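A short write-up of the structure that comes next.
The values are calculated or read from the model by the stated rules, or taken from the named source; none is laboratory data. Predicted model, so just to flag it, every value in this text is computed and none were measured. Positions of Cβ are generated from backbone atoms using ideal geometry, with glycine treated the same way; all protein chains shown enter the neighbour counts.
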Amino acid sequence: MDFYGFYTGKIFDAYKWLGAHLDENGAVFRTFAPGARRVSLIGEFCGWDEIPMKKAYDGNFWECRVENAGEGMMYKYRIYRADGSCTDHCDPYGFGMELRPANASFLRELHGYPFHDQKWMQQRSVCRDKPLNIYEIHFGSFRKPSEEPDVWYDYEELAERIVPYLKENGYNYLEIMPLNEHPCDESWGYQGTCFFSPTSRYGTAKQLMAFVDICHQNDIGVILDFVPVHFAVDDYALASYDGTALYEYPNDAVGYSEWGSRNFMHSRGEVRSFLQSAAHYWLSEYHMDGIRMDAISRMIYWQGDPARGVNHIAVDFLKYMNRGLKERHPGILLAAEDSTCYPGITKPTEEGGIGFDYKWDMGWMNDTLNYFRTDPKDRVRDYHKLTFSMMYYYDECFLLPFSHDEVVHGKATILQKMNGDYDNKFPQARALYMYMYAHPGKKLNFMGNEIGQLREWDEKRGQDWDILQYPVHDAFHRFIKKLNHLYLSHPALYEKDYEREGFRWLDCNKEEQCIYAFLRAGKTEQIAAVFNFSDKIQDNYRFAAGDATELKLLLASDAEEYGGKGSAEKKSIRAEDGFFPLTLNPYSAYYFLAQATAKTK
């Protein structure tokens with residue numbers, strides 16, 4: 001290992017030296033604990049009796065070799081603090097870990113899994129001019145083999161269920177909520193105890209590799225949630241690891257997050273090397289196609305509060321890490337969950353930006369959902385909540401998210417957020433999703449949204465798949481499936497997402513009628529999208545669609561086959577004096593292929 005690089009926060013491969021590594025003679029164990037008085041190794045290979053570890057390199061590292069250690073054996077580090085007391089810790093760089101509440105690390109051999117995804121790895125990209133339709137998932141509650149609390153499908157069993165579902169439903173990327181080991185199910189993985197251990201809830205490291213491999217062989221990309229901000233407070237993990245604040249701030253004023261976890265101290269080179277190595281580890285060893293970084297606002301500003309000022313050290317760290325990951329893994333996708341107005345999140349680092357490919361558009365998400373919560377009579381007042389996003393859209397490369405955070409903790413599911421009674425929620429939700437998929441920006445939808453889930457997400461329960469026995473939910477699911485495949489197959493909806501000529505308002509001044517219309521353009525096609533978000537029929541609506549002389553209907557949210565009352569629109573509409581006449585049903589949305597009559601000589 002490059003020790004100077006480790007201390008200065010420059011390396012991405014600390015896990016290749018630190019941690020436990022198997023070889024033909026057993027295993028070598030190494031840990032970084034500069035504040036420890038002494039360190040012992042305990043494990044299955046020694047009957048959990050102490051094996052003294054010796055200081056290595058400069059005395060800040062501890063090391064020992066065990067000849068009879070083998071794959072799958074458990075171990076811990078017993079770390080003696082300066083006052084003589086001790087705590088048994090899991091390995092910060094361990095590749096496997098017991099299921100909570102147990103907390104020993106496992107010896108794991110990472111090498112040997114035969115990936116078959118070379119074609120995918122060579123052609124993957126950030127999808128800037130390609131469709132990016134992400135299905136966000138929590139592995140433990142997508143489907144469950146039993147309603148018993150600690151019974152889950154393993155990674156390979158999940159692949160058998162998830163991959164066909166994604167292909168059938170028109171999703172080409174999967175985003176998995178954090179898979180690093182974590183003790184509290186309710187944290188969903190966002191408060192980790194080991195950043196290099198795939199959670200044992202769903203199996204082993206090689207089973208996870210197999211999952212990703214199967215996804216790639218089916219042309220599905222895999223993005224992993226990663227948490228570079230904070231970690232769990234459990235005393236067997238990173239907290240006070242060597243008896244000192246080794247990974248966290250020593251000052252509690254900035255040391256604790258709003259979630260009660262410990263904040264990483266990004267000014268320490270060793271912490272930077274740890275986090276960079278963890279991100280690189282998932283991309284390198286598991287062939288992940290991207291990283292979505294959680295709660296980036298808490299790194300940009302102290303405690304996420306702009307009034308406290310910019311945390312320049314953490315911002316510089318993000319820039320360095322993103323640049324280094326991109327250099328090592330061309331084609332990967334880096335996304336930031338960030339609700340701030342800090343500039344340059346998706347600007348390249350060589351141009352002074354932070355270097356993410358995408359930023360979650362939290363403003364669009366909040367404005368849109370608030371609009372659809374509103375009584376139709378008040379949407380006249382709130383009309384421009386839906387036009388505001390295009391005022392700032394080109395400042396960053398945005399991704400439109402309806403994520404897990406929007407369907408928990410009393411917020412109601414996406415369908416339930418729609419204003420009005422049960423019957424009126426479905427047409428509004430169909431129109432909402434057509435607005436989302438026509439709006440510029442890549443897409444993300446959380447599991448269960450596509451079937452019109454009514455119950456808030458609960459990490460302990462599988463999705464309510466039996467709800468599809470009800471015709472209205474089955475029709476809604478078929479609608480989302482149709483919309484997804486239409487999105488994937490029409491370049492006008494994604495090809496110029498981040499070019500100004502890819503979007504043009506056709507009508508954004510119908511406040512009283514709550515009508516909106518805009519044009520999406522690709523290189524070879526144009527799609528006109530028209531929306532009536534009022535609860536009234538809008539007769540004799542007329543609009544122009546650029547140089548188009550004919551509109552061909554691609555999708556109508558009010559079609560009977562999707563649970564609507566039947567679209568009033570024809571399959572093909574000709575312009576009359578340059579304008580297209582339409583009758584718009586309440587809570588309706590329409591996509592038209594906009595075509596110009598070929599000129600003759």
Do we have Phe6 as of a type outside the set (Asp, Glu), part of a helix (DSSP H, G or I), crowded, with 23+ Cβ neighbours inside 10 Å and modelled with pLDDT of 95 or more here? yes
Any chance Gly35 is assigned to a loop (DSSP other than H, G, I, E, B), surrounded by 15 or more Cβ atoms within 10 Å (Cβ to Cβ) and more than 33 Å from the chain's Cα centre (by Cα): yes
Kindly check whether there is at least one residue in segment 297-306 that is within 29 Å of Cys127 (Cβ to Cβ) and polar (S, T, N, Q). yes
Going through segment 395-435 in order, the residues found to be over 30 Å from Asp357 (Cβ atoms), of a type in the set (Asp, Glu) and either touching an Asp or Glu at 6+ places or on another chain (Cβ under 6 Å) or not in a helix (DSSP H, G or I) (or both) are Asp421
Residue count for segment 560-597, restricted to those that are in contact (Cβ under 8 Å) with a residue 40 or more places away in the chain, surrounded by 14 or more Cβ atoms within 10 Å (Cβ to Cβ) and closer than 25 Å to Ala475 by Cβ: 15
Considering segment 122-170 alone, what residues qualify as being closer than 26 Å to Ala492 by Cα and of a type in the set (Lys, Arg)? Arg124, Arg128, Lys130, Lys167
Filter segment 534-553 for residues that are crowded, with 18+ Cβ neighbours inside 10 Å and under 30 Å from Arg128 (Cα atoms) and give the result. Ala545, Ala548, Leu551
Which residue out of Phe503, Phe518 is out of contact with any Phe, Trp or Tyr (no Cβ under 6 Å at 6 or more places or on another chain) and either modelled with pLDDT under 95 or crowded, with 16+ Cβ neighbours inside 10 Å (or both)? Phe503
Val380 passes all but one of the listed conditions (1) touching a helix residue (DSSP H, G or I) at 6+ places or on another chain (Cβ under 7 Å); (2) among the β-branched types (Val, Ile, Thr); (3) exposed (fewer than 15 other Cβ atoms within 10 Å of the Cβ); the exception is number (1)
Just to be sure before I move on: is Leu275 buried (at least 20 other Cβ atoms within 10 Å of the Cβ), farther than 20 Å from Phe106 by Cα and over 21 Å from the mean Cα position of the chain (by Cα) in the structure I sent? no
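Here's the yes/no breakdown for (1) within 25 Å of Lys76 (Cβ to Cβ); (2) touching a Leu at 6+ places or on another chain (Cβ under 6 Å):
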position	(1), (2)
Gln118	no, no
Met121	no, no
Pro131	no, yes
Ile134	no, yes
Ser141	no, no
Asp154	yes, no
Tyr165	no, no
Asn172	no, no
Cys184	yes, no
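Let's see how each residue does on (1) part of a loop (DSSP other than H, G, I, E, B); (2) touching a residue at least 60 places away in the same chain (Cβ under 8 Å):
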residue	(1), (2)
Trp259	yes, yes
Asn263	no, no
Leu275	no, yes
Ser284	no, no
Met299	no, yes
Tyr320	no, yes
Given (1) more than 19 Å from Leu444 (Cβ to Cβ); (2) within 21 Å of the chain's Cα centre (by Cα); (3) not in a loop (DSSP other than H, G, I, E, B), Met365 misses just (1)
